[in-house]
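Beneath this line is the structure, given in C-alpha cells, with notes to follow.
Nothing in this text is a laboratory measurement; each read-out follows from the coordinates by a stated rule. None of the values given here were measured: they were computed from a predicted structure. For neighbour counting, all protein chains shown are included, and Cβ atoms are generated from backbone atoms with ideal geometry for every residue, glycine included.
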Amino acid sequence: MAKFLKNFFLVLMLLFLTGIASLAFVLYGPFTGLRDLYVTSAMTTMQHQYLAKIFFSADKIAEIMRKNALTEFLFPTNVDLIEEENQLPDHIQLIDVSTSTFKGYLLLVSRPERIKVGTSEHLGSKGMKLQEIIEKYHAVGGVNAGGFIDPGGHGTGGVPEGIIIEDGEILYADKSSKYNVIGFTKQNVLVLGKYTLKEIKKLDIRDAVSFRPFIIVNGVPAITTGNGGWGIAPRTAIGQTKDGTVLLLVIDGRQVSSIGATLKDVQDIMLEYGAVNAANLDGGSSSTMYYEEKLINSPSSQYGERRLPSAFIIQ
C-alpha cells in the first residue's frame, strides 16, 4: 500500500489541492487546467510518465504538451537593458512568497557582483550538499544551480550537464556543440542563451551553469498560455532586475504542505519582482536554499538534502 501511495503521490497532491474526490472527474471533466497540470507533471518526469499514458492517447498527450509549451527564445540577452553601474546599497532581503498551494522563498541581492558559482570539490565524480558548498566558499547563502546526470536516481550529484564556469575558468564542459548558459558576465549582467564555447568567451562570462528553460528574456515572458509544459514540482530559479538586483527563488513541492509550482507560477513571481531576465534552474529533489547558516526550505529528496555539482552562492 505504501508503494502504491508513493507512485501516485502526484495524483494525491492534485486531489488535495482541488478537493475533488474522483480522479476521473479531474481527467475527463470540465476542468481542463487540472487535466493539463496532471499530464504535464507526469510527462516531465522519467519515472511517472505512465500516469498520463494509461489515461490518454499519445496524440492527446502531444496536444496537451503543445498547448502548454513555453516559447523557446531564439534571440540573445540584451545586456544593455541592465544597469552595469549598480549604485544600490549592499542589501540582501529574504521574502516569503508562499501561496495557498506552495511554500516559496525569494532572496533579493542588490549587488550582482556578490553572486558567484560555487562547485563541488569532487566535480565530475561526487557532489556536495549546498551547505557544504557555501561553507567551502565562506558564503552567506545560495541556491542549487545546474543540472547533473544521476544514474539510478541515487543523488551523487557529481557529473554535471552542459557547462560550468567559475571565476572565468571553464571547470567542466561536456561534448555539446552549444550550451544552455545561465550566467553572469564580468560586468555582472545575467546572460541567458545557447552559445558555443567561442561565443561564451566573447561574452566575457565569469560564472555560469547549464539548465533550461529561460522564462523571461529581455523583459518578454516565455509563457503566454497554459502552465509552461513542465507540470508541477519543486522549483529553483534565478533572475535579474533592470537595476541589477539578483532574484534567487526556491519553491518546495511534493509535500502535503506544499505541492509545488508550475513554470507559470515561477514566471509570475519573477515578473512581480521586476525581473527582466529569468531562468529555471535544476528543481525537483535538488531545490534547496541556505541563508545565514540556516536551511530555508524543505527539500523533497527521500535521501535528505541532495548532493550537487554547482550552486549560485552569495559571497
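Please turn the phi angles of segment 225-237 into ³J(HN,Hα) values with the Karplus equation 6.51 cos²θ - 1.76 cosθ + 1.60 (θ = phi - 60°), one per residue in order, whole Hz, x for glycine and proline.
Per residue, the Karplus-derived 3J(HN,Hα) values read 9, x, 9, x, x, 10, x, 10, 5, x, 9, 10, 8 Hz.
By how many degrees, between 0 and 90 and to the nearest 10, does the Cα long axis of helix 9-18 differ from the longest principal axis of the chain?
On a 0 to 90 degree scale, this one is about 80.
Specify the angular offset, from 0 to 90 degrees and rounded to the nearest 10, of the alpha carbon long axis of helix 58-68 from the longest principal axis of the alpha carbons in the chain.
50 degrees
Whose amide H sits under 5 Å from the amide H of PHE211, counting only residues 5 or more places off or on another chain, with H placed in the peptide plane?
ILE182
For the chain, what number results from the quotient of the Cα radius of gyration and 2.2 N^0.38 Å?
Here the answer is 0.97, to two decimals.
In percent, what relative contact order does the chain have, based on Cα pairs under 8 Å that are 6 or more apart in sequence?
Once normalised by length, the contact order is 25 percent.
Just to confirm the number: angle between the C-alpha axis of helix 263-272 and the first principal axis of the chain, 0 to 90 degrees, nearest 10?
50 degrees
Limiting things to C-alpha atoms, what are the Rg and the maximum Cα-Cα separation (Dmax) for segment 67-214, in angstroms?
Taking only Cα atoms of segment 67-214, I get Rg and Dmax of 16.3, 47 Å.
Quick one: which of LYS67/LYS242; LYS126/LYS198; LYS116/LYS242 span more than 23 angstrom between C-alpha atoms?
Beyond 23 Å between Cα atoms: LYS67/LYS242; LYS126/LYS198.
Straight-line reach only, C-alpha to C-alpha below 16 angstrom: list the lysines that LYS103 could link to, leaving out same-chain residues fewer than 8 apart.
Partners found: LYS264.
Test of the criteria: in segment 234-309, which trypsin sites (Lys or Arg not before Pro) are in a DSSP loop and have at most 13 other Cβ atoms within 10 angstrom of their Cβ?
Qualifying residues, ordered by number: LYS242.
If Lys and Arg each add +1 and Asp and Glu each add -1, what is the summed charge of the other residues whose beta carbon sits under 15 Å from the beta carbon of GLY124?
-3
So how far apart, in nm, are the two label points at LEU88 and THR32 if each is 7 Å from Cα heading toward Cβ?
So the label points at LEU88 and THR32 sit 3.9 nm apart.
Within segment 270-315, which chymotrypsin sites (Phe, Trp or Tyr not before Pro) sit in a loop by DSSP and count at most 14 neighbouring Cβ atoms inside 10 Å?
Sites meeting the loop and neighbour criteria: TYR303.
State the extension gain, in nm to one decimal, for the chain segment bounded by GLU199 and ILE170, taking 0.36 nm per residue of separation less the distance between their alpha-carbons.
Using 0.36 nm per residue and subtracting the Cα-Cα distance, I get 9.1 nm.
Relative to the Cα centre, what is the charge dipole magnitude of the chain, using +1 at the beta carbon of each Lys and Arg, -1 at the beta carbon of each Asp and Glu, and rounding to the nearest 20 debye?
Using only the charged Cβ atoms, the result is roughly 1080 debye.
Under 5 Å between amide hydrogens, which residues at least 5 positions from VAL276 or on another chain qualify, with H placed 1.01 Å from N in the peptide plane?
Counting only residues 5 or more places away or on other chains, the set is GLN240, THR241, LYS242.
If you average the C-alpha positions of segment 36-87 and of segment 212-284 separately, how far apart do those two centres end up, in angstrom?
12 Å
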